[in-house]
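Chemist: Here's a structure for you.
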Amino acid sequence: MGVSALVMRVFLPFAVGYYLSYLFRTINALIAAPLTSELGLDAGDLGLLTSVYFLTFAVAQIPVGILLDRYGPRLIQSVLLVAAAVGAALFATSDNLLMLLLGRALLGLGVAASLTAGLKALVLWFPKDRLPFLNGLMVMLGALGAVTTTSPAQWLLAWVGWRTLFALLAVFTAGCSAMIYLDDLSLGAGECIGNAGPAWNSRGQLEEDLYRSAFLASGAAISDFRRHRLGAAGTLGSAVVH
């Protein structure tokens, strides 16, 4: 299997899953004000919404690791992303704190394998000497999920509202799950690695250029992310006070 096919069929779908994990992790700060005004939540409720995500995420880690070793990253990641899609849809239709908490819990569970499943898939399908580069690239692309919850998501939130935003995220997450599950990766891992090795060995300069571009882009993105998070914190404080 060629390099382009491996990237499209293995790397990209799992990177999108990790991107969604970061996005769902940080989006609460963006929607704090509309949740407060529409559903009457206070600071404690908003903190609980954030906490339940991390609680289910943490509790799922050991079972997820066992399941990944037994059933592989394709099945586990696709099933869990369905749970995340259901959580996002439930959150979009919630009209009370309990439903919001259940939606956030499903989101935490649904993205619990996003990084580990991606790293496992890379180990199975790519040459060992390229794993450090690919691991770093996946983490960088995943971190863009946090950046997305600044200006892009803020613009979309103002346009369609938080309920439609989460409905769209539910559809996108379900699509990512389907993309991972429907690709059966029929060739054996050893054969794929053997075919990909020579092609990857000729791409040293490309990797160097990607690293340089990623470093510059991530610096600008982190600066923008910090600026918007400070603004979101101020918005949350104002919403709670009022």
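Chemist: Could you please let me know if residue 104 is in contact with a Leu (Cβ under 7 Å, 6 or more places away or on another chain), farther than 17 Å from residue 171 by Cα and among the charged types (D, E, K, R)? Step through it out loud before you land on a result.
Modeler: Working: in contact with a Leu (Cβ under 7 Å, 6 or more places away or on another chain): yes; farther than 17 Å from residue 171 by Cα: no; among the charged types (D, E, K, R): yes.
No.
Chemist: Hey, another quick one. Do you know which of the residues in the stretch 42-79 that are in contact (Cβ under 8 Å) with a residue 12 or more places away in the chain and among the polar types (S, T, N, Q) is surrounded by the most Cβ atoms within 10 Å (Cβ to Cβ)?
Modeler: 77
Chemist: Then there's this: Check residue 35 against each of (1) modelled with pLDDT of 95 or more; (2) surrounded by 14 or more Cβ atoms within 10 Å (Cβ to Cβ) and name the one condition it does not meet.
Modeler: (1)
Chemist: Please verify whether the stretch 159-176 includes one or more residues that are at pLDDT 95 or above and farther than 24 Å from residue 28 by Cβ.
Modeler: no
The values are calculated or read from the model by the stated rules, or taken from the named source; none is laboratory data. Since the structure is predicted, the reported quantities are computational estimates derived from the model, not experimental observations. All Cβ positions, even for glycine, are placed from backbone atoms using ideal geometry, and neighbour counts span all protein chains on display.
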